[in-house]
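Inspection log for the structure reproduced underneath, given as structure tokens.
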Amino acid sequence: MSTVDAPLVHDLPTEILDRIFSSADIWQLATLRQVCSHWRCIVDKPSRWKRVLLRERSQPRQKRISSPPSAFTSNLWTLDSLRYLLNPNLHHIQSLTISGVRDSTVRFILLQCPLLENLEIMSWNTLSNHALTLIHHLNLRCFKIIGIVDQFLAIDALSLAHFILFCPSLHKLSINHCRICVHPDIFLKQLRSRLGDSCLYTMTSIILSSLQQPWSRHHVDQLLALCPSLYHLRLESKSSTIIMTKQLDSQYITVTAMN
């Protein structure tokens, strides 16, 4: 077959192109959608963007089309790079896992992805109260932060409580392998004062490890009263670990260990 007679990639059926594009990484997708309007429609297929994985970026192996000049300056995600990759499909994203963030990138994700239900943060440079400062309620159902070798998380009790209150559908909160100072009295007082006679009925699981302030059984009882649907609780500090799991008979099995 001559070169002239060979089928062009543009002539491939949409179904075949869709399968090919499914194996592309997010940078490749951003390039593919710039080729033509037909490819853009395939790339922007809503189901392709429901779940997004953004690992820490490395230097590109080849020059990409129209990449923002500030996109490759470090292994942390910048606002320019996130906008370049995600802006066309922010309204489709329901689940996002990202590593290599800072405050501004977390705020961008929380405020610009209206359908986001699951957010998992794997590593960061600095992550502080500013990252979780919200101006409207979110649809978030699961929020996880996973540190590397006890990274420090500069989020205090007031900011964490404020964030939870602005996520009325939150089911699971997990902050693991990172040092965080959540003073129990301040945290619980903030929740009580804002909730009034209401409760966090949707919350079913809370995991806070590497706490700088230990929680007492009195604090745990107050938290259980505020979260009546809670079936799993793990609070770990340098001095103690409290694990509680609700059984089918609605009774809790409690394990308390001195570290």
Long-range neighbours under 9 Å by Cβ, at least six apart or interchain, first residue over 18 Å from Thr78 (Cα atoms) and in contact (Cβ under 8 Å) with a residue 24 or more places away in the chain within the stretch 115-127, second among the charged types (D, E, K, R) and surrounded by fewer than 21 Cβ atoms within 10 Å (Cβ to Cβ): Leu115/Lys50; Glu117/Arg141; Asn118/Arg51; Asn118/Arg141; Asn118/Lys144; Asn118/Lys172
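Which one of these is farther than 24 Å from Trp49 by Cα and crowded, with 18+ Cβ neighbours inside 10 Å: Ile145, Ile180, Ile109?
Matching residue, one of Ile145, Ile180, Ile109: Ile180.
Taking the conditions exactly as written (touching a strand residue (DSSP E or B) at 6+ places or on another chain (Cβ under 7 Å), modelled with pLDDT under 95 and surrounded by 18 or more Cβ atoms within 10 Å (Cβ to Cβ)), does Leu116 satisfy them or not?
Working: touching a strand residue (DSSP E or B) at 6+ places or on another chain (Cβ under 7 Å): yes; modelled with pLDDT under 95: no; surrounded by 18 or more Cβ atoms within 10 Å (Cβ to Cβ): yes.
No; evaluated as a whole, the condition is false for this residue.
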Qualifying residue in the stretch 4-21 (condition: more than 23 Å from Ser123 (Cα to Cα), of a type in the set (S, T, N, Q) and at pLDDT 90 or above): no
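Only residues that are in contact with a strand residue (DSSP E or B) (Cβ under 8 Å, 6 or more places away or on another chain), closer than 17 Å to Phe163 by Cα and among the small types (Gly, Ala, Ser): list them for the stretch 183-233, please.
If we filter the stretch 183-233 for residues that are in contact with a strand residue (DSSP E or B) (Cβ under 8 Å, 6 or more places away or on another chain), which is where we start, we get 203-215, 217, 220, 223-224, 227, 230-233.
Cutting the leftovers down to closer than 17 Å to Phe163 by Cα gives us 203-208, 223, 227.
Across the stretch 183-233, the qualifying residue is only Ser205.
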Selection from the stretch 80-103 of residues that are at pLDDT 95 or above and over 25 Å from Trp39 (Cα atoms): Thr97, Ile98, Asp103
Qualifying residue in the stretch 203-218 (condition: surrounded by fewer than 19 Cβ atoms within 10 Å (Cβ to Cβ), over 23 Å from the mean Cα position of the chain (by Cα) and within 24 Å of Arg141 (Cβ to Cβ)): no
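The values are calculated or read from the model by the stated rules, or taken from the named source; none is laboratory data. Bear in mind that the values here come from a model prediction, so they are computed numbers and not experimental data. Don't worry about glycine lacking a Cβ; one is built from the backbone with ideal geometry, like all the others, and counts go over all protein chains shown.
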